[in-house]
Structures are given as structure tokens and as C-alpha cells.
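Data block below; observations after.
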Amino acid sequence: MTTSALLHPGLLLLAGGLLLAVLRGRLRASAALLLPLAALLLAWSAPDGALWSARLFGYEIVPFQADKLSRLFAIIFSLMALGGALFALNQPNRLELPAAFVYAGSAIGVVFAGDLLTVFAFWEAMAIGSTLVLWSAGTPASWRASLRYVMVHLLGGTLLLIGVAGHVADTQSLRFEAMAADSASHWLILAAFLVNGGAPPLSAWLADAYPESSWSGMVFLSAFTTKTAVYVLLRGFPGTELLVYAGLFMIFYGIIYALLENDMRRILAYSIVNQVGFMLVGIGIGTEMALNGAAAHAFTHILYKALLLMSAGAVLHATGQRKCTDLGGLFRTMPVTAACGIVGALAISSFPLTSGFISKSMVSQAAASGHLMAVWLLLTAASAGVFLHAGIKFPWFVFFQKDSGLRPAEAPWNMRLAMLFFAALCIGLGIWYQPLYALLPYPVDYVPYTGGHVVTQLQLLLFSGLAFFVMLPLLRRTLTITLDFDWFYRVAGPAVVRVAEVIVSGMLQWLAEWRDVNRDRLTRAVRRLHAPGAVFSRTWPSGATALWMMVLLLGLLLTGYLA
């Protein structure tokens, strides 16, 4: 058994979540900010290697193991917990912040896990924490969405457990390391990871559940579940070609549904699926540059997506409105929120001098370097689609376009400070990207700011912006309902169950009536068969039995001969 003196940052946040449930006032606010900061310092200082290890039932478990990849994700998860806690300081619901810390701590537990059993334990704790974040919204819609969310993640957890059991039976090891999709157990593990990543055909759970959380809850939800899935895919299935195709599907699926959507939070939820698709493509390509790009994009995505959702959350907090048709003109009274939302929109669009540019371009370059021309063209086209739905559509319809007549006050100081903090990180990493590149798992031989990269991206973004305003009459928001795969388990599934209930209950009623009508007849028939001297009570001579056995055997032999 090996135990380092270094405290596990994930367990610190888990314990901190329980502590926040009982603290009050300024002490609670101080703890909410200091705990993620301490976790950040612990994650940053974690040395490479197995820090905690033990043996359980003859297998080695490693609950705390660090390397460059796990350290990168633990750092951004801790930063996210810090920024999210600052944004949610004035959240009146006392459940949300403790649940969010359990959620964040469990995600850090997954990235520092050196064995599959520890991964599974923190994986399920993460599902519990995220469900509690959803519940804390306290609305009937959030309750219903959380039940569907739990069903999907129970499915993922079950697949993971069965896959881990099969992996252990095949290899006699719990070590979490790179695997090939070459056995049933590994396919089940891959499927479980993809469920949490929002991959097809279950991508709809994300846009179904996340927007029903509170104005601050979705900030936390956007960061951990899908990015933890990206981490385990980076760790467990690098270079798996299937991920390229799954990622491309997710990219365009997210763009199309976000363009159709009227709800600003559902727009941003679909864009999460879209952005995770870019990461999956990088993982599927599998070269060092592609894996670096996927990891870097996960890091920057957490920052700019949280910033966008903070901006949307501030609008929801101030106005109580989510639909683009009910919003507009808010830049007049919420200038800080609007400016930060624009920074997030530029970053998600990979605008030069923002964090998105220095990460997403690495994935595209990896596709080009690998001579994957079709993939490169699709990623380039997708970048234009991202600018359309998140880079322009979200800020334009929420903060500009028509004057909705709403004049809400600017967000409270802590929410503005959190947004400014993340906006500064989005711009800072876009300019000084070397510290992020130094954290990546492989040596970086890539320069984002070349003339070709910058000019190509600016041309793409300017063309997309022009197309948006030319087609603006067609893009004006209307009250819409979009059907997704979740229709099958939200509408069609319950309908099938109701029809089956009617059919089964009708059959049971018919059988009961038939039994009542024919009870006497059945009783007499049974008595006739079992009465003294009847067929079933008669004593048959053994000679007759032997004779019939010989007849049957002869018939069998003749059948075989003729065949």
C-alpha cells in the first residue's frame, strides 16, 4: 500500500460540498471560494506517478495517479469550480452549491483515477452530484428532466460496470490504460464513455436536461460530465477511428439543432454537443497533435462555454426569460453581461486572439497533416456553422436585434466578477497560449498565429457573418418545437407502454371471464381425466410401454435411413 502525503483535490471538494451544506453566511461564501482554490493548488502540484495505491481482492487499485493529461483536466475542473462558485454565491437554493462541489470533486476523482474501479466509483458519484444540481432548480420541468437524465446515466453506468467486469475477466487487471475496441467488454466501456459525451444516438439528453437547471446550475453542468467523457476517451481509446465519425455527426447535429432553436439555453446546450464533437474527432485521429488539440480544446471550451452560460444565466436571473423571441436590446442596461457574452461568442467561434483559436485550429491542422482532406473540409465548414449559431445568433438575438422593452438591472457584483474573470482567461490564453501548451500531454510543435491560419479563419468568419445578416429574415426567431431522438423515450415509449397495458389488461380480463364461464366444464373435464380408470389414472402394463417404445425407435430409424 502506497499513500502520498499529498491530499487528493477531488476528495477535498467532495468533503467541501458536505461542509457547505451546513455552513452559513460569510463563512459559507469564503469556503466556497477557498476550497476550489486549494484544490487548484493541489492539482497543480501533484507529481507524476501513483500517489495512492492499495490491493483489493487481489487486484491493484490506484485512486490517485497523476500525469500531464490528468493534471491538465484537474486544473481546469478546479478553475471551473472556483468561477462557478463565485457566480453562484447569491444562489438562494442551499442544495445547489454543495451538489456542484460533489459533482466537481467526483470529476477530478475520475481524472486522477489509475484503475477502472475508481473510475466507476467517481463516475457514479458524478451522476449523483449532477442530478442534485438539476433538482435544486425546484421546478416541475427540472424534476421531470432529472428523471430522464438519471435513466440515461444509469444506462451508461450499467454499461461501464459490465464492461469493467468483462475487462477484468479478460486481463486480470484493473489498470486504466489505453484499450482497443477489440472485445465485447471494451465496446461496452467505449459505449458508456460515449453516453456521457453526448454521442449519437443519445445526444438529446443534454439539451433536454441542462436548460432546466437554475440560472447558475447550467454553468456547472456544462463543464464536467461531457469533458470527463473526453478525458476518459483520451486516456482509454486514442486513435479509435469510430470517434472521428461520431464526432463529425455531433458537430453538425449540434449546429443544425442550435440554428433551429428559440431557447437561448438550448442553443448553448446544443453547442456543447457540437464542441465535444470537435474533441472526439481529434481523439479519433489519434496523432500527438490531434490529441493535444482535443485536450487543449476541452480546456478552452470549459472557459468560454461557462462564460456564455454565465451571460445567459445573468439574463435569466434578471428577466426570467429564456426565449429569443422575448429578449433583445438588453445591451442598454446590461453592458457588462453583453460584453462578456460577446467575448465568449468570439472564443467559441475561434476568433484570433481568443482561446478557441489556439485550440480548435490544432485539431484542424492535425486532420490536414494526416491527409484527411474530407475531415479537414468538414471541420472548416463546421467552424462557419459555429459562428452562425453561437458566435452571432446568441448575442444578436439576446442583446441586440429588436427592443424587447425589458430594462433589467445589471447582474450582481459577484456574477459580473465571475464573467470578467473568465473573459480575461479567454482573451489571455488567446494571446499568451504558451502556458497552456506547456500543460498538454505531448510536446507541442505547432504555431497557431501564422499568416495562413489567421487569414483563413478571418475570411471564414467574415463570410459567415455576412451570410447571417443576408439571411436574417429567414433566421428571425419564432415559437418552435424541435423533435429529437428523445421523442422516442419521452413520447413514443410511454405511448407504447400505455397501448401494451391496454392489450395485456384486456387479455387478462378475457381470460378471467372465460374461466368464470367455463369453470364447471373445466372441472368436469379434469375429473374425467383423473377419475378411477380414466386415462391419467389407469395402470399401463410395462409390456405395452416397451412395445410402443420399440415402435417409436423403429420409426426414428426408418426416418434416418430414408433421409
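The values are calculated or read from the model by the stated rules, or taken from the named source; none is laboratory data. Please read all numbers here as calculations on a predicted model, not as lab measurements. Here Cβ is always computed from backbone atoms with ideal geometry, including for glycine, and neighbour counts include all displayed protein chains. Surface accessibility is based on the protein's heavy atoms, side chains included, excluding ligands, DNA and RNA. Shrake-Rupley method; radii C 1.70, N 1.55, O 1.52, S 1.80 Å.
A few points about this structure:
- Only one of the listed residues (Ala209, Ala204) is open to solvent by less than 30 Å² (accessible area, probe 1.4 Å), closer than 24 Å to Ala258 by Cα and modelled with pLDDT under 90. That residue is Ala204.
- Pairs meeting the criteria (first residue in the range 328-349 and without any contact (Cβ under 8 Å) to a residue 12 or more places away in the chain and basic (Lys, Arg), second residue open to solvent by less than 10 Å² (accessible area, probe 1.4 Å) and assigned to a helix (DSSP H, G or I), beta carbons under 9 Å, at least 6 apart or on different chains) are lacking.
- Filtered residues of the range 342-363 (kept if touching a Gly at 6+ places or on another chain (Cβ under 6 Å) and in a loop (DSSP other than H, G, I, E, B)): Ser349, Ser350, Leu353, Thr354
- Ala258 meets all of the listed conditions (1) crowded, with 24+ Cβ neighbours inside 10 Å; (2) over 18 Å from the mean Cα position of the chain (by Cα) but one, namely (2).
- Given (1) in a loop (DSSP other than H, G, I, E, B); (2) without any contact (Cβ under 8 Å) to a residue 12 or more places away in the chain, number of the condition Ala374 does not satisfy: (1)
- Take the conditions (1) assigned to a helix (DSSP H, G or I); (2) modelled with pLDDT of 70 or more; Leu529 misses just one of them, which is (2).
- Only one of the numbered conditions (1) modelled with pLDDT under 95; (2) surrounded by 12 or more Cβ atoms within 10 Å (Cβ to Cβ); (3) closer than 30 Å to Phe77 by Cβ; (4) not basic (Lys, Arg) is violated by Asp445, and that is (2).
- Remark: pairs (first residue in the range 125-149, farther than 15 Å from Phe224 by Cα; second residue open to solvent by 30 Å² or more (accessible area, probe 1.4 Å); Cβ separation under 6 Å; 6+ apart in sequence or on different chains) = Ser136/Asn93; Ser136/Leu95; Ala141/Glu212; Ser142/Glu212; Ala145/Glu212; Ser146/Trp135.
- Once the range 422-434 is narrowed to residues that are buried (at least 16 other Cβ atoms within 10 Å of the Cβ) and of a type in the set (Phe, Trp, Tyr), the residue that is modelled with the highest pLDDT is Phe422.
- Qualifying residue in the range 39-62 (condition: open to solvent by 10 Å² or more (accessible area, probe 1.4 Å), more than 23 Å from Leu309 (Cβ to Cβ), in contact with a Leu (Cβ under 9 Å, 6 or more places away or on another chain) and in a helix (DSSP H, G or I)): yes
- Search result, residues across the range 1-38 that are under 15 Å from Ala74 (Cβ atoms), open to solvent by 50 Å² or more (accessible area, probe 1.4 Å) and at pLDDT 90 or above: Leu11, Leu37
- The listed residue being over 30 Å from Ala411 (Cα atoms), open to solvent by less than 10 Å² (accessible area, probe 1.4 Å) and at pLDDT below 95, out of Ala345, Ala382, Ala390: Ala382
- Residue pairs meeting the criteria (Cβ under 9 Å; at least 6 apart or on separate chains; first closer than 24 Å to Leu233 by Cα, in the range 432-461; second exposed (fewer than 12 other Cβ atoms within 10 Å of the Cβ) and at pLDDT 90 or above): Val444/Gln434; Val444/Ala438
- Scope the range 325-336; condition assigned to a helix (DSSP H, G or I) and buried (at least 24 other Cβ atoms within 10 Å of the Cβ); matching residues: Leu330
- For the range 406-421, the condition holds for at least one residue, the condition being that it is surrounded by fewer than 16 Cβ atoms within 10 Å (Cβ to Cβ), among the aromatic types (Phe, Trp, Tyr) and in a helix (DSSP H, G or I).
- Screening Ala339, Ala366, Ala318 for residues that are surrounded by 24 or more Cβ atoms within 10 Å (Cβ to Cβ) and either in contact with an Asp or Glu (Cβ under 9 Å, 6 or more places away or on another chain) or in a helix (DSSP H, G or I) (or both) leaves exactly one candidate, Ala366.
- Filter result for Val398 (touching a Gly at 6+ places or on another chain (Cβ under 9 Å), touching a residue at least 24 places away in the same chain (Cβ under 8 Å) and assigned to a helix (DSSP H, G or I)): yes
- The set of residues in the range 160-186 being among the small types (Gly, Ala, Ser), closer than 16 Å to Val62 by Cβ and in a helix (DSSP H, G or I) is empty.
- Single unsatisfied condition, Gly341 versus (1) of a type outside the set (Val, Ile, Thr); (2) farther than 19 Å from Arg266 by Cα; (3) in contact with a Ser or Thr (Cβ under 9 Å, 6 or more places away or on another chain): (2)
- The single residue among Ile128, Ile108, Ile75 that is crowded, with 24+ Cβ neighbours inside 10 Å and in a helix (DSSP H, G or I) turns out to be Ile108.
- Looking only at the range 213-249, and only at residues there that are touching an Asp or Glu at 6+ places or on another chain (Cβ under 9 Å) and part of a helix (DSSP H, G or I), the one that is most open to solvent (accessible area, probe 1.4 Å): Arg235
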